[in-house]
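A quick write-up on the structure given underneath.
The values are calculated or read from the model by the stated rules, or taken from the named source; none is laboratory data. All values derive from a computational prediction rather than experimental measurement. Don't worry about glycine lacking a Cβ; one is built from the backbone with ideal geometry, like all the others, and counts go over all protein chains shown. Surface areas here come from the heavy atoms of the whole protein model, side chains and all, with no ligands, DNA or RNA. Shrake-Rupley method; radii C 1.70, N 1.55, O 1.52, S 1.80 Å.
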Amino acid sequence: MSLIRARRQHLPGCCILPPDMLRRIALHGSRNQREAALDTLAVDQTLRLGRATYQLLESGARHGLLGVPTTAKQRTIYDAQGHETLPGRMVRAEGAGGVADVEVNEAYDGLGATFDFYAEVYDRNSIDDEGLRLDASVHYGRRYDNAFWNGRQMVFGDGDGDLFNRFTVSLDVIAHELTHGVTGDEAHLVYLDQAGALNESISDVFGSLVKQYARRQSAGEADWLIGEGLFTASVHGVALRSMKAPGTAFDDPVLGRDPQPATMAGYVHTSSDSGGVHTNSGIPNHAFYLAATGLGGFAWEKAGRIWYETLRDKRLKPTATFRQFARCTVQNAAHFFGPAERQTVSAAWAEVGIRAA
Amino acid sequence: MGRGRHPGRVGRGTALRIDFSIDGGLAAFPGLARPVSIHCDALPAHENARLRDLVRRADFFALPPQEPSRGGGPDARAYTIAIDDGSQCRTVTVREPIADPALRDLVAELRDKAMAERRPK
C-alpha cells in the first residue's frame, strides 16, 4: 500500500471498497445484477493482477529510499497495426520525442494530460493511485469505431473514416476511458442501470475536467462537450454528448438522434446498453454542469473535488442510485466547503429532478 | 475439441437473411442500435459467397446465445446477430473483444454491410 493511499484512508469518509460487496451481489443479486457484478469483478481482478505484476517487476525502479512511490508518468504507446491483438509493437516510450504518427503522439499526450490532472489537482498517483503505468495501443482493428480501457490499457481504433475519425483525436474521450479505470479502482460501480449511468457520468465529468484543466478554462468558458472532433464532416453533430444540453449533440440520418435526457422526466427505461448507461448518464452529467457553473471558477476546484471525494466515499455503494450519489455529493459539498456550496449542489440536483437534500 | 463444423449448411442454394445491431460503445447511437436486415441473395455474387463463407467459418449455428468475451470492460460494444437460412435460425450476442478470429471477421464484415444498408439511399 502506498503511503499516499494509507494517508487518505484516514480521511473522514474516504476508503477503498473491498470487492466483497461485489461478490455478494454476484451470489445473491438479480440475474442482471449478478452478470454485471461478475463483469466488474473480472475487470477489477485484471487491474489488480496487472498492478501486482507491475509492482513486482518494477518496484526497484519505482520506489525511492523511503518506499514512497514516485509520481512520474510511465507511458508506453504500441501500434496494433490493424490487428486486434494487444498490445502490438512498441513505438514510443516515456520521455521519447514525438514520432511521425499523429495517433501515437495524441495518445501519448492524452495519457500525460490525464495523469497530470489527477496528480496535480487531486494528488492521485495514476489510475490506481499507486503509480500504475499507462499503456495504450493505437491502430487497433480494421476501421474500428471505438476506444476502450480494458482493465490494463487503453485501446484506440482508427475510426471508419465515414462516420468517425481516429479515436485519439479527443482528449476528453481519452480521459473518459482512463477514468473508467479510476472508478473501477475506487467505487466499483456496477455497469448496469443507474449505477452504470453514474459510472459513465463520472467518466464524462472527469473527461471534461481534464480538457478544461489542459485549456485552463473556467466553468463558464468550457464547451462541456464530450468527443468533439470524433465525427467526420459528413455527420450531423458536434460531439458524442453535451453536458450543458443533453440530447442536442447529434441528429444524424445514420447515427440517429442524441437520446440523452437532461432531467428525470426523460429517464429512459431500457434493457439495451446495460440499462441505458450512455443515455441516462445525461441526467447526472447535467447536474454536474449546473453545480459547476453555479459554483463558478474552475470546475475542477470545487465541483470536481466534491465529485472526486464522492467517488472515493465509502458510503457510495456499487449499486448506488442517482439519489444516493446525489446525497453523497451534497454531504461532501458541506464537508469539504460549506453551506453555500451545499445549497448550490443540492439545487443542481433538484433542477434535474432529484431531491438530494 | 472445438465446436462441430457443418460445411455445406450455409450453401448458395438457400436464402440467407441476417439481422444485425450494435449496442453500446462510447455512446448510445439509436441509429446503430436499430437492427438492419441483410439479404445475402440481394448482394453481388462475390459478396454473397464471401458472407456465406464467413458464416460457415464462424460455425455460427453452433455458437451459444451469449458468446463469452475476454474482459472488454465499459464502453465495449456488443453485437446481436440473428441469422435465418430457411431451415434454421439462431440469435447470438457477442461482446468485444471477440476472441474467435472467425467470428471477429464475420462481425467486421457485418459492420461494413450494415453501414452500407443504413446510409440514406
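For (1) open to solvent by 20 Å² or more (accessible area, probe 1.4 Å); (2) within 10 Å of chain A (Cβ to nearest Cβ); (3) within 13 Å of the chain's Cα centre (by Cα); (4) of a type in the set (A, V, I, L, M), each residue gets a yes or a no:
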{"site": "B:Leu51", "(1), (2), (3), (4)": "no, no, yes, yes"}
{"site": "B:Phe60", "(1), (2), (3), (4)": "no, no, yes, no"}
{"site": "B:Thr80", "(1), (2), (3), (4)": "yes, yes, yes, no"}
{"site": "B:Ser87", "(1), (2), (3), (4)": "yes, no, no, no"}
{"site": "B:Arg111", "(1), (2), (3), (4)": "yes, yes, yes, no"}
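Report whether or not A:Asp101 is under 30 Å from B:Tyr79 (Cβ atoms), surrounded by fewer than 21 Cβ atoms within 10 Å (Cβ to Cβ) and at pLDDT 95 or above.
When the stated conditions are applied, A:Asp101 passes them.
So which of A:Ile127, A:Ile226 is within 11 Å of another protein chain (Cβ to nearest Cβ), in contact (Cβ under 8 Å) with a residue 40 or more places away in the chain and buried (at least 24 other Cβ atoms within 10 Å of the Cβ)?
Of A:Ile127, A:Ile226, the one residue that is within 11 Å of another protein chain (Cβ to nearest Cβ), in contact (Cβ under 8 Å) with a residue 40 or more places away in the chain and buried (at least 24 other Cβ atoms within 10 Å of the Cβ) is A:Ile226.
Only one residue in B:Pro64, B:Pro30 is surrounded by fewer than 18 Cβ atoms within 10 Å (Cβ to Cβ), at pLDDT 90 or above and under 15 Å from the mean Cα position of the chain (by Cα). Which one?
Being surrounded by fewer than 18 Cβ atoms within 10 Å (Cβ to Cβ), at pLDDT 90 or above and under 15 Å from the mean Cα position of the chain (by Cα) holds for just one of B:Pro64, B:Pro30, which is B:Pro64.
Report, ordered by the first and then the second residue, all pairs with beta carbons closer than 6 Å, sequence separation of six or more or different chains, a first member in the stretch A:334-357 that is without any contact (Cβ under 8 Å) to a residue 12 or more places away in the chain, and a second member that is open to solvent by 70 Å² or more (accessible area, probe 1.4 Å).
If the second residue must be open to solvent by 70 Å² or more (accessible area, probe 1.4 Å), the pairs left are A:Ala334/A:Arg342.
Residues to consider are A:Ala357, A:Ala320; find the one that is in contact with a helix residue (DSSP H, G or I) (Cβ under 8 Å, 6 or more places away or on another chain), at pLDDT below 95 and either of a type in the set (A, V, I, L, M, F, W, C) or assigned to a helix (DSSP H, G or I) (or both).
Working: A:Ala320 fails: at pLDDT below 95.
That would be A:Ala357, the only listed residue that is in contact with a helix residue (DSSP H, G or I) (Cβ under 8 Å, 6 or more places away or on another chain), at pLDDT below 95 and either of a type in the set (A, V, I, L, M, F, W, C) or assigned to a helix (DSSP H, G or I) (or both).
Give the stretch A:79-125 a look and list any residue that's closer than 18 Å to A:Phe148 by Cβ and touching a helix residue (DSSP H, G or I) at 6+ places or on another chain (Cβ under 9 Å), or say none.
Across the stretch A:79-125, the qualifying residues are A:Asp79, A:Glu84, A:Glu106, A:Ala107, A:Gly110, A:Leu111, A:Thr114.
Among the residues of the stretch A:308-345, what is the count of those that are out of contact with any Leu (no Cβ under 7 Å at 6 or more places or on another chain) and acidic (Asp, Glu)?
Total meeting the criteria: 2.
Out of the stretch A:264-280, which residues are more than 9 Å from chain B (Cβ to nearest Cβ) and buried (at least 24 other Cβ atoms within 10 Å of the Cβ)?
A:Asn280
What is the number of the single condition among (1) crowded, with 24+ Cβ neighbours inside 10 Å; (2) assigned by TED's automatic domain parsing to the domain that holds A:Asp79; (3) without any contact (Cβ under 8 Å) to a residue 60 or more places away in the chain that A:Ser203 does not meet?
Every listed condition holds for A:Ser203 apart from (2).
Which count do you get for residues in the stretch A:290-330 that are in contact (Cβ under 8 Å) with a residue 12 or more places away in the chain and either on the phi > 0 side of the Ramachandran plot or among the polar types (S, T, N, Q) (or both)?
7
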